[in-house]
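Enquirer: For reference, the structure I am asking about is given below.
The values are calculated or read from the model by the stated rules, or taken from the named source; none is laboratory data. Since we're looking at a predicted model, the values are computed, not measured. Note that each Cβ is placed from the backbone with ideal geometry, even for glycine, and that neighbours are counted across all protein chains shown.
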Amino acid sequence: MSPIINSLFTSFSLYSRIPVPQTEWKEENRRYVLSFFPLVGAVTGALEYLLFRSFPLTSHGLLYAVLSAVIPVVITGGIHLDGFCDVNDALASYAPPEKALEIMHDPHIGSFAIIRLCLYLLMQCAFFHSLTLCADPAKACLVVCAGYVLSRALSAVCVFTFRCVSKGMLETVNNRRKTNLAVSVIWAVLSSALMIYISPACGGAAVLCSLGVVTYYRLMSYKRFGGINGDLAGWFLQMCEIFILGAAAVMGYFYG
């Protein structure tokens, strides 16, 4: 198979639990891994919307919210939530960058990570339930679904433009950097435009929130860790997704 197809399969193997043909772990099969990363988000968004369209929201809104929060974890296997927890443990330590990175790499989970993970999942369920109360729930949901593509596109853009403190991350950055960056920017622009087209209020607010998370991500990661790594990329993805979800739920409720 061509390197492009192999990169597609490798991307899904790395960032999801979706069964795909296995490829040999070598450089040419990883060239465009991050270019295909947003497609994992597209699959997640499609399943979220399928759940939305097939669920009796008026009588089972809470169950819908819980299942909606479960879908991304099932698709990804929790890989990004793992990074979210590791980063929160490191942030709670207020240690210097070198020590904070050591804490982040510790395989054990700390109390701060557990507390913040529980709060995250509770907020996620609350926002999903709030989607059912929007003036136009379908449009708000579609914005959130497109947001799974945007969050991954922005994550890839950050990988190629921010300072990296991980050898594995640097290896990814060096694989066809300009091509991957260009494709990731295109994904980000197209998904942002789609979100705004679906609903100017919900989509516009969600896009602005995602860019705000990018700004904070850079400032925080440089100050606290000296740059980004895989765990921080996972933390960013989770934060970006919940801010997009929250923006769509709030704006959808007040402005439709």
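Enquirer: Here is a list of conditions, (1) out of contact with any Asp or Glu (no Cβ under 8 Å at 6 or more places or on another chain); (2) modelled with pLDDT of 90 or more; (3) in a helix (DSSP H, G or I), and residue 61 meets all of them except one; can you say which number that is?
Expert: Looking at each condition in turn, residue 61 falls short on (2).
Enquirer: Please determine, by comparing only the residues of segment 212-241 that are touching a helix residue (DSSP H, G or I) at 6+ places or on another chain (Cβ under 9 Å) and of a type in the set (Ser, Thr, Tyr), which one is surrounded by the most Cβ atoms within 10 Å (Cβ to Cβ). Show your work before the answer.
Expert: Step one: filter segment 212-241 for residues touching a helix residue (DSSP H, G or I) at 6+ places or on another chain (Cβ under 9 Å), giving 212-214, 216-218, 220-221, 223-241.
Next cut, of a type in the set (Ser, Thr, Tyr) only: 216-217, 221.
Working: 216: 13, 217: 22, 221: 24.
Going through the qualifying residues, I end up with 221.
Enquirer: If you don't mind, there's one more thing I want to ask. Could you list, in sequence order, the residues of segment 123-141 that are over 11 Å from residue 64 (Cα atoms), part of a helix (DSSP H, G or I), touching a Cys at 6+ places or on another chain (Cβ under 9 Å) and not small (Gly, Ala, Ser)?
Expert: 139, 141
Enquirer: I want to confirm something. Restricting to segment 3-53 and keeping residues that are aromatic (Phe, Trp, Tyr) and in contact with a helix residue (DSSP H, G or I) (Cβ under 7 Å, 6 or more places away or on another chain), which single residue is farthest from residue 157 (Cα to Cα)? Walk me through how you get there before you give the answer.
Expert: So the first thing to find is which residues in segment 3-53 are aromatic (Phe, Trp, Tyr), and the list is 9, 12, 15, 25, 32, 36-37, 49, 52.
So of that shortlist, the ones also in contact with a helix residue (DSSP H, G or I) (Cβ under 7 Å, 6 or more places away or on another chain) come out as 12, 15, 32, 36-37, 49, 52.
Values: 12: 18, 15: 16, 32: 13, 36: 12, 37: 11, 49: 26, 52: 30 Å.
So the residue we want is 52.
Enquirer: While we're on this one: Tally time: how many residues in segment 200-235 are under 16 Å from the mean Cα position of the chain (by Cα), closer than 18 Å to residue 103 by Cβ and part of a helix (DSSP H, G or I)? Before you say what the answer is, go through the steps one by one.
Expert: Taking segment 200-235 and keeping what is under 16 Å from the mean Cα position of the chain (by Cα), we get 206-218, 228-235.
From the residues that got through so far, the ones that are closer than 18 Å to residue 103 by Cβ too are 228-235.
The next check asks that each one be part of a helix (DSSP H, G or I); those that pass are 230-235.
Residues flagged as under 16 Å from the mean Cα position of the chain (by Cα), closer than 18 Å to residue 103 by Cβ and part of a helix (DSSP H, G or I) within segment 200-235 amount to 6.
Enquirer: Hey, another quick one. Within the set of pairs 6 or more residues apart or between chains, which connect a residue that is closer than 16 Å to residue 77 by Cβ inside segment 28-54 to a residue that is among the aliphatic types (A, V, I, L, M) and part of a helix (DSSP H, G or I) with Cβ atoms less than 6 Å apart?
Expert: Short answer, once both residue conditions are applied: 37/156; 41/149; 44/75; 47/71.
A quick yes/no check of all residues on (1) in a helix (DSSP H, G or I); (2) closer than 30 Å to residue 224 by Cβ; (3) out of contact with any Gly (no Cβ under 8 Å at 6 or more places or on another chain); (4) at pLDDT below 95:
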position: 120; (1), (2), (3), (4): yes, yes, yes, no
position: 148; (1), (2), (3), (4): yes, yes, no, no
position: 152; (1), (2), (3), (4): yes, yes, no, no
position: 157; (1), (2), (3), (4): yes, yes, yes, no
position: 183; (1), (2), (3), (4): yes, yes, yes, no
position: 187; (1), (2), (3), (4): yes, yes, yes, no
position: 190; (1), (2), (3), (4): yes, no, yes, no
position: 197; (1), (2), (3), (4): yes, no, no, no
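Enquirer: Please count how many residues of segment 5-27 are in contact (Cβ under 8 Å) with a residue 60 or more places away in the chain and of a type in the set (Gly, Ala, Ser).
Expert: 1
Enquirer: Tell me, which residue of segment 21-39 that is part of a loop (DSSP other than H, G, I, E, B) and either in contact with a Leu (Cβ under 8 Å, 6 or more places away or on another chain) or charged (D, E, K, R) (or both) is surrounded by the fewest Cβ atoms within 10 Å (Cβ to Cβ)?
Expert: The initial filter retains those residues of segment 21-39 that are part of a loop (DSSP other than H, G, I, E, B), namely 21-26, 30-36.
Then drop every residue that is not either in contact with a Leu (Cβ under 8 Å, 6 or more places away or on another chain) or charged (D, E, K, R) (or both), which leaves 24, 26, 30-33, 36.
Working: 24: 8, 26: 10, 30: 20, 31: 17, 32: 22, 33: 23, 36: 24.
Across segment 21-39, the extreme among qualifying residues is 24.
Enquirer: Among the residues in segment 40-50, are any part of a helix (DSSP H, G or I), closer than 30 Å to residue 136 by Cβ and of a type in the set (Asp, Glu)? Walk me through it before giving the result.
Expert: So in segment 40-50, the residues part of a helix (DSSP H, G or I) come out as 40-50.
Of the ones still in play, those that are also closer than 30 Å to residue 136 by Cβ are 40-50.
Pick out the ones that are also of a type in the set (Asp, Glu) and you get 48.
Yes, because at least one residue in segment 40-50 is part of a helix (DSSP H, G or I), closer than 30 Å to residue 136 by Cβ and of a type in the set (Asp, Glu).
Enquirer: Considering only segment 83-102, state which residues are without any contact (Cβ under 8 Å) to a residue 60 or more places away in the chain, in a helix (DSSP H, G or I) and of a type outside the set (A, V, I, L, M).
Expert: First, the residues of segment 83-102 that are without any contact (Cβ under 8 Å) to a residue 60 or more places away in the chain: 85, 89, 92-96, 98-99, 102.
From what is left, the residues that are in a helix (DSSP H, G or I) are 85, 89, 92-93, 98-99, 102.
Listed by number, the residues that qualify are 85, 89, 93, 98, 99, 102.
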